[in-house]
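Enquirer: Below is a structure I'd like to ask you about.
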Amino acid sequence: MLEIKNVHKTFNKGTINEKKALNGVELHLNPGDFVTIIGGNGAGKSTSLNMIAGVYPIDQGTIILDGKDISDWPEYKRASLIGRVFQDPMMGTAANMSIEENLAMAHRRGKSRGLGWGVNKKERALFKERLKMLDLGLEDRTTTKVGLLSGGQRQAITLLMATLQKPSILLLDEHTAALDPKTAKKVLDLTEKIIAKDNLTAMMVTHNMKDAIHIGNRLIMMHEGRIIYDVAGEEKKQLTVDDLLHKFELVSGEEFANDRMMLS
Ligand SMILES: Nc1ncnc2c1ncn2[C@@H]1O[C@H](COP(=O)(O)OP(=O)(O)OP(=O)(O)O)[C@@H](O)[C@H]1O
Ligand SMILES: [Mg+2]
C-alpha cells in the first residue's frame with residue numbers, strides 16, 4: 001500500500017541552519033494498517049507525513065503509494081490519493097463557505113465536472129448521511145458557514161472531507177492536539193470509526209502515549225529522522241507507557257523528550 005525506501009531530507013543545506021530531518025526512513029504499510037507515530041520534538045514525524053503528501057521534494061529515496069512511484073509527483077497530484085488532517089482546526093476547511101459547500105469541494109476533488117457551487121440533491125443526501133455519523137447535529141445545519149463552528153466541529157468536518165472519497169492513505173498530524181479533552185476524545189472516536197468503516201490505511205502522529213498504544217494496529221517510534229521501533233498486533237496492545245519510554249532510552253541512548261507528550 002505504502003512503501004517508503006531510504007528517504008532523506010535535509011532543510012537549509014549548506015547554511016548554518018542545516019538540519020537533517022529525515023535520515024533514511026524505511027517503512028512498508030499493508031492495506032488497512034492504522035499506524036500511530038510517536039517521538040520526541042523534531043524527530044521527523046511531521047516531515048515524514050509532509051514527504052508523503054509532497055509538501056517538499058525529498059533529497060533521496062523512493063515513495064510508492066498504491067503501486068505508483070509518487071516520489072516526483074507534485075503535491076496537487078498526490079492530493080487525489082491522500083487525505084490529510086492537520087493540528088490546526090482552521091486549516092482544513094474554508095471558513096466563509098457553508099458545511100455543504102466544503103463537503104462538495106472535497107467530494108468533487110480530482111473530478112472536472114461541476115465547478116459551480118450548487119450542491120445537488122444526491123450530494124446533499126450523501127453529506128447528510130455522513131454528517132449524521134458525527135453525532136454533532138450538523139446534518140441539520142448544512143448551510144451554516146464553517147467559520148461559525150467550534151474547533152472540534154471543524155476538525156470533524158475536515159475528517160469527513162479527507163475521507164469522502166476513499167483515500168489510498170489518510171495522514172493525521174496531531175489532529176486532536178488543539179482541542180479540549182472532551183472534544184478531542186470525540187474526534188478521536190470518530191477517527192477510529194471512519195477508518196474502521198472504510199478499512200482505510202492511516203498514519204496518525206499523536207503526543208498521547210496511551211492513544212498511541214490503544215489506537216490502531218501498529219505503532220512506530222521516530223528519533224533523529226529514523227524509525228527506531230516498529231511494533232504491531234498483540235505485542236503493541238500489551239505495551240505500557242513505561243515500556244515505550246524504556247524502549248526509547250534503550251534504542252536512542254537518550255531520555256525521551258517531548259514537551260507536549262502526555263505520558264498518562
Ligand atoms: N520547513 C522546514 N524548514 C526548516 N527546518 C524544518 C522544516 N520543517 C521541519 N524542520 C526541522 O526538521 C526537524 C524535524 O521536524 P518535524 O516537524 O518533522 O518534527 P516532529 O517530529 O514533527 O516534532 P514535533 O513533535 O515538535 O511536532 C526539526 O529539527 C525541524 O526544526
Ligand atoms: Mg510535528
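Every read-out reported here was derived from the displayed coordinates using simple, explicitly stated rules and does not represent laboratory data. Quantities reported herein were computed from a predicted structural model and do not represent experimental measurements.
Enquirer: Against the longest alpha carbon principal axis of the chain, how many degrees, from 0 to 90 and to the nearest 10, is the axis of helix 121-134 turned?
Expert: That works out to roughly 50 degrees.
Enquirer: Quick one: work out the % antiparallel among DSSP beta bridges in the chain, nearest 5.
Expert: 55
Enquirer: Hey, how many Å between the Cα centroid of region 146-219 and the Cα centroid of region 86-102?
Expert: 15
Enquirer: Determine one quarter of the surface area of the Cα convex hull of region 128-206, which equals its mean projected area, and express it in nm² to one decimal.
Expert: Mean projected area for region 128-206: 5.1 nm², to one decimal.
Enquirer: Which one, GLY54, GLY137, GLY44, has the greatest fluctuation when you compute a Gaussian network model over the chain with C-alpha springs under 10 angstrom?
Expert: GLY137
Enquirer: Over the residues of region 51-106, compute the C-alpha Rg and express it relative to 2.2 N^0.38 Å.
Expert: Here the answer is 1.38, to two decimals.
Enquirer: Run through the DSSP bridge list for region 129-264 and note the antiparallel percent, rounded to the nearest 5.
Expert: Antiparallel bridges make up about 55 percent of those DSSP assigns within region 129-264.
Enquirer: Right, here's the next one. Using only the alpha-carbon atoms, what does region 13-128 span along each of its principal axes? Please give whole angstrom values in decreasing order.
Expert: If we take the Cα atoms of region 13-128, the spans are 53, 32, 27 Å.
Enquirer: With a ≥ b ≥ c taken as the square roots of the eigenvalues of the C-alpha gyration tensor of region 221-264, please select rounded if a/c is under 1.5 and otherwise prolate if a/b is larger than b/c or oblate if it is not?
Expert: On the way: a/c = 1.75, a/b = 1.25, b/c = 1.40.
Oblate, because a/c is 1.5 or more while a/b does not exceed b/c.
Enquirer: On average, how much area does the Cα convex hull of the chain cover when viewed from any direction, in nm²?
Expert: Result: a mean projected hull area of 14.8 nm².
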